[in-house]
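Readers should treat all values here as calculations from the given coordinates under stated rules, not as data from a laboratory. Please read all numbers here as calculations on a predicted model, not as lab measurements. So basically every Cβ, Gly included, is an ideal-geometry build from the backbone, and we count neighbours across all protein chains shown.
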4 protein chains.
Amino acid sequence: MPRLAFLGPHATFTEQALRSLPESVGAELVPCAGSPAVLAAVRDGSVDAGCVPIENTVEGAVPAVLDGLVADPPLVIVREALVEVRFALMARSGTKAGDIRTVASHTHGIAQTRGWIAANLPDAEVLLSTSTAEAAAQVARGEFDAAVAAPIAAEQHGLEVLADDIADNPGAVTRFALVAPPGPPPAPTGRDRTTLAATTQNRPGALLGLLTELAVRGIDLTRIESRPIKHRHAEYWFHLDCSGHVAEPAMGEALAALHRRCDQVRFLGSYPRAANGNSTPATTSPPGPVGEADPAAFAAAESWLAGLRAGSFG
Amino acid sequence: MPRLAFLGPHATFTEQALRSLPESVGAELVPCAGSPAVLAAVRDGSVDAGCVPIENTVEGAVPAVLDGLVADPPLVIVREALVEVRFALMARSGTKAGDIRTVASHTHGIAQTRGWIAANLPDAEVLLSTSTAEAAAQVARGEFDAAVAAPIAAEQHGLEVLADDIADNPGAVTRFALVAPPGPPPAPTGRDRTTLAATTQNRPGALLGLLTELAVRGIDLTRIESRPIKHRHAEYWFHLDCSGHVAEPAMGEALAALHRRCDQVRFLGSYPRAANGNSTPATTSPPGPVGEADPAAFAAAESWLAGLRAGSFG
Amino acid sequence: MPRLAFLGPHATFTEQALRSLPESVGAELVPCAGSPAVLAAVRDGSVDAGCVPIENTVEGAVPAVLDGLVADPPLVIVREALVEVRFALMARSGTKAGDIRTVASHTHGIAQTRGWIAANLPDAEVLLSTSTAEAAAQVARGEFDAAVAAPIAAEQHGLEVLADDIADNPGAVTRFALVAPPGPPPAPTGRDRTTLAATTQNRPGALLGLLTELAVRGIDLTRIESRPIKHRHAEYWFHLDCSGHVAEPAMGEALAALHRRCDQVRFLGSYPRAANGNSTPATTSPPGPVGEADPAAFAAAESWLAGLRAGSFG
Amino acid sequence: MPRLAFLGPHATFTEQALRSLPESVGAELVPCAGSPAVLAAVRDGSVDAGCVPIENTVEGAVPAVLDGLVADPPLVIVREALVEVRFALMARSGTKAGDIRTVASHTHGIAQTRGWIAANLPDAEVLLSTSTAEAAAQVARGEFDAAVAAPIAAEQHGLEVLADDIADNPGAVTRFALVAPPGPPPAPTGRDRTTLAATTQNRPGALLGLLTELAVRGIDLTRIESRPIKHRHAEYWFHLDCSGHVAEPAMGEALAALHRRCDQVRFLGSYPRAANGNSTPATTSPPGPVGEADPAAFAAAESWLAGLRAGSFG
């Protein structure tokens, strides 16, 4: 039975994300305290893979995960999941809104429902827990009156949902990654994403050069982030999410180009884009340095080139 | 007396940052609950300026601040401060390490000292507070035995520092910004930073085009971050920190170019770089699309151009 | 009365080009022996301007003119003319095709009608003259039986056209330039061309950098040519024809950028494009490094920038 | 015995160039009247290869050759030769300078020695011949007193050199190409040149995109020329000479990229650079879009990529 770690405890959004993936069927799900612990468990082989949040539309990227992914030994993302971050107010069965004197949640849960709580529970004391799931557990144990957590937490802890969808910014989505040791990547689906990180010399135009290598091969960016490199003044890891798959010629050529150009480049996985992931706009007859990523165009060009090299054209 | 808001309560790292700035001398310092509240107070005129954290070398950018800066009406950064994030363990006078059963801090404080606490206070219960300063206040009030907070908090709350510099990753630095309503920017110093944000059409090469406008004018990037735009699928604000000042011709020309090219562009301020801010490498005889930002070269070129237009050359 | 030199003798295509220009009305037209002589006459002030061929669709650029334009002191193109190079076979009145034993022309005239002569005058001896006009003069003086020359030469020398439009590649066009000492350029018409030449350091990407400066400002190229620089191994003058006018902000900014970037840059004039000159395709919402040259967009951006610098935005 | 055509007649600079090539040893050399005739003879198989001038430092590119190379069926350059264009004044044995009343040469010979003739033979009549070699032949037959031609012509026609090195611009060099039907290219030598031609859509940035494909792969340009495409308004063939060889990965990848991007691309041969051909500057740690062409760097990157695809890294 495969063992899959996740950012615990049980009933977190991360567990919800992991359960949405086919890999979780029949697997043992192992909660870990913190994303670094999940990555460490994958690295030391005590689990087969691990699920961590990678970015949230409200909170941004998760720096500990970005930094953890580029550490050694290598890890790769093999799957992503998008989970709508839906916060509910939950309490023990029979609790009425008027009875609520204490509300607990994780910092992020509090931050994202602050307006709703102020409007609807103006007199309640707000308390922090280490996770939204832990807040629900605390409510179940009778330590607090109510929790702000994922609906799944109400199910798992036998609580009742008093109000659903209470986030001040509805529609926030968190992206989760299933991370594993290096191995053959999932087969290309035609709608894949590749995650990578690279460092370059700290000088003007370095990032431009890196992005040009992607653009001339028709590869689109869906996320970019610079992260300072520890102890190296003014140097950065650039974290990139791109359209395409390492098995495709455009991405293969681009990765090889980054290998030649960059001080360091980390391949962090090619995997299917989750359903409402960012779409890549079609590229037709590209002007400027934007090129063509279509595998068929690459194959035709390769075949033409082989003819040139063999002298059998014309 | 000018009124300056900051991310409170008192004794936070933000207050420490604000107090390091000349603007704080003789000003009334007003703590606000959360960075959004600081920005709101600047926008509604109840304060003259406000200090917020903008990025941390360990925790990354502060998404709420990035998102808040591009909201309306406009705000600009007029000053930055870098504060080394030094965590100390503090307790009421006379407390010994062996007596500590409960340790409180903000989530970030806990996250950044987890290793030290596990090694040195393995049996203590770890509790979350809304800020490191609040944790210190709670210790002073006798609610907990010890707090992980900035040294300044020990001073303000009459606590004793039992152990200093206990972060697992020493040397973390947070960058803070003093934000104000639009007005003439601080005079250029020759070592300035300009912060801006821009959106482009969602298509391959769009970011490349934006960065090319900067690079051809010799402007270097020191930070880049993409932030999804709410309710607009696959579209982004790109947040950029650049070398240079809006009053200089290279940056002026680049900003005007972005205005022509981008769907939206926000100028978020030109201000002196803090002492150990990122340096800009010297650019000598630039190859490729990297150009020349030197104001003297711009002035010489302008003068030559004026001659061409007047027909008085040769 | 203005004096205008041209590549003589009388009745050349160059005279035909010059006569098509408004500047020739009421001017004294002065034939010179060779394009270098025309440029020298303009430089030494013995004429006010001079007309020379600059490129031909069949024969390509005219190297002596390109090299002559970048010499010192500076010269600028103030007008261009396109002349369809139409060759006619002409003879003294009464000559019949069957009588023609000798045909004279300039090398180019012979080269461009070789097929027609072989088919229609297979037995005639072909002789070279220093110009097509001189060939017509020689026929008029009875030295040869027929000449291949511009129809204008038949008129001027009282010859009869036996066959018109005899070029093997009909439709060849020669572009002529009216060259003058530096002075205020002709007013922009909205459909102008700017000619320039530049040298860069001899290293990879140097030309790319130069073209990027044009492209980001939405300036299109209609001709490019590298010419080796005498006595400087592997270094080149790049000769460029571009859309736009030095008085417009896009072209002004681009020229200033080349001044900063290039070892040498020569402005060789802004002038109205001749009627069937190359059109510039419309640029809409440009991706990649292609920018926007529209003066209105430049004006809007300038005005926005002025607001930023004054602090009066938002 | 291989048959090699050349731009005749005998004793031209082209014959001199061809005789400098190893391919001429033991071959039958066949003079043709005009470069188009040389290319036609190669295309129809009546010769095995042909030698034509491709560019001259004074006269520029040879448009008929450029246009002829991109016609159908394909041809490729397999070798280049550089010949210093050294003009000598030659006459029948015993002729003294004072006796010279007529001087004959090809237009280019006259053009390049005009100053010398004016200074040294001010009273001589200057006459045009179809080639410098023909002028020497005419002098040998007693039709004229002297010829301006290549020293080789004096040898071949038994003339005496009265003055050598009489060009007004000494040091002019002509580059010649040995052209053959498609076949396996000469083996790479590490100092090769590749000639190609491409057309792109007529829009801003099209040439920039094409050059970016070369630059990101570290390929340097040594010549560029735009040639209008007949009957297609404002469209061009770009003719390029580049560093590198089709058998090398950098050039192979670049050619394939142009195949994907361009409307048409013609590979016109990879062949050793002639001795004083243009050198490629070393590329070290390239900034901006200039990449790395070193085959070893390509091999290392390929090997790394193969590991990623197989999942066997880390």
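Applying a DSSP loop filter and a limit of 14 other Cβ atoms within 10 Å to the trypsin sites (Lys or Arg not before Pro) in region C:155-221 leaves nothing.
Based on C-alpha pairs under 8 angstrom that are at least 6 apart in sequence, region B:102-252 has a relative contact order of 19 percent.
Distance from the alpha carbon centroid of region B:35-61 to that of region D:189-204 works out to 53 angstrom.
For C:Arg266, nonlocal amide neighbours, meaning residues 5 or more places apart or on other chains whose placed amide H falls under 5 Å from its own, are C:Ala197, C:Ala198. In percent, rounded to a whole number, the relative contact order of chain B is 19, using alpha-carbon pairs under 8 Å and six or more apart.
Relative to the longest principal axis of the Cα atoms of chain D, the long axis of helix D:295-310 lies at roughly 20 degrees. The angle between the Cα long axis of helix A:206-215 and the main principal axis of chain A comes to about 80°, on a 0 to 90 degree scale.
Counting Cβ atoms of other protein chains within 10 Å of each residue's Cβ and taking the mean over peptide B:291-298 gives 4. For the segment D:191-203, counting C-beta atoms of other chains within 10 Å of every residue's C-beta and taking the mean gives 2.
Near C:Val161, once Lys and Arg are set to +1 and Asp and Glu to -1 for all other residues with Cβ below 11 Å from its Cβ, the sum equals -3.
Across peptide B:218-224, the mean count of Cβ atoms from other chains lying within 10 Å of each residue's own Cβ comes to 5. Sorted fewest first by neighbouring Cβ atoms within 10 angstrom, D:Leu21, C:Leu214 come out as D:Leu21, C:Leu214. For the protein assembly as shown, a simple Cβ point-charge model (Lys and Arg +1, Asp and Glu -1, everything else neutral) yields a dipole of about 0 debye relative to the Cα centre. Exposure proxy ranking for B:Asp44, B:Asp145, C:Asp67, based on other Cβ atoms within 10 angstrom of each Cβ and starting from the fewest, stands as B:Asp44, B:Asp145, C:Asp67.
Sparsely packed loop sites in region B:95-137 (the trypsin sites (Lys or Arg not before Pro) outside DSSP H, G, I, E and B with at most 14 other Cβ atoms within 10 Å) comprise B:Lys96, B:Arg101. When the Gaussian network model of chain D links Cα atoms closer than 10 Å, the mean-square fluctuations of D:Ala17, D:Ala37, D:Ala187 top out at D:Ala187.
Between copies, C:Gly26 shows label-point distances of 7.2, 7.6, 9.8 nm, shortest first, with the point placed 7 angstrom from Cα along Cα to C-beta.
Remark: label point of D:Ser303 defined 7 Å out from Cα along the Cα-Cβ vector; separations to the same position in other copies 3.2, 5.6, 6.2 nm, ascending. Label point of B:Asn120 (7 Å along Cα→beta-carbon): distances to the other copies' equivalent points are 4.3, 9.3, 10.2 nm, sorted ascending.
Relative to the longest principal axis of the Cα atoms of chain B, helix B:249-261 runs at roughly 90 degrees. Which shape class applies to the protein assembly as shown: rounded if a/c is under 1.5, otherwise prolate when a/b exceeds b/c and oblate if not, where a ≥ b ≥ c are the square roots of the Cα gyration tensor eigenvalues? Judged from the Cα gyration tensor, the protein assembly as shown comes out prolate (a/c at least 1.5, a/b above b/c). Specify whether the C-alpha gyration tensor of chain A places it in the rounded, prolate or oblate class, a ≥ b ≥ c being the square roots of the eigenvalues: rounded for a/c under 1.5, otherwise prolate if a/b is larger than b/c and oblate if not. Prolate. State whether region A:41-189 is rounded, prolate or oblate according to the following rule on the C-alpha gyration tensor (a ≥ b ≥ c being the square roots of its eigenvalues): a/c under 1.5 gives rounded; otherwise a/b larger than b/c gives prolate, and the remaining case gives oblate. Prolate is the answer for region A:41-189, as a/c is 1.5 or above and a/b outweighs b/c. Amide H to amide H distances under 5 Å link C:Ala5 with C:Val30, C:Asp48, C:Ala49, C:Gly50, C:Cys51, where only residues 5 or more positions off or on other chains count and H is placed in the peptide plane. Would you mind counting up the charge near A:Val246? Only other residues with Cβ under 12 Å from its Cβ, with Lys and Arg at +1 and Asp and Glu at -1. So the surrounding residues net to -1. The charge dipole of region C:184-314, taken about its Cα centre with unit charges on the Cβ atoms of Lys, Arg (+1), Asp and Glu (-1) only, comes to about 420 debye.
The mean sequence separation of alpha-carbon pairs under 8 Å and at least six residues apart, normalised by the residue count of region B:88-163, gives a relative contact order of 48 percent.
Distances between placed amide hydrogens fall under 5 Å for A:Val126 paired with A:Val103, all partners being 5 or more residues away or on another chain. Since only C:Ala163, C:Thr174, C:Gly98 are under comparison, the one whose Cα sits farthest along the positive direction of the charge dipole of region C:89-191, derived from C-beta charges on Lys, Arg, Asp and Glu, is C:Thr174.
Secondary structure note: in the protein assembly as shown, about 75% of the DSSP beta bridges are antiparallel.
Of D:Ala119, D:Ala274, D:Ala71, the residue with the greatest mean-square motion in the GNM of chain D, using alpha carbon springs below 10 Å, is D:Ala119.
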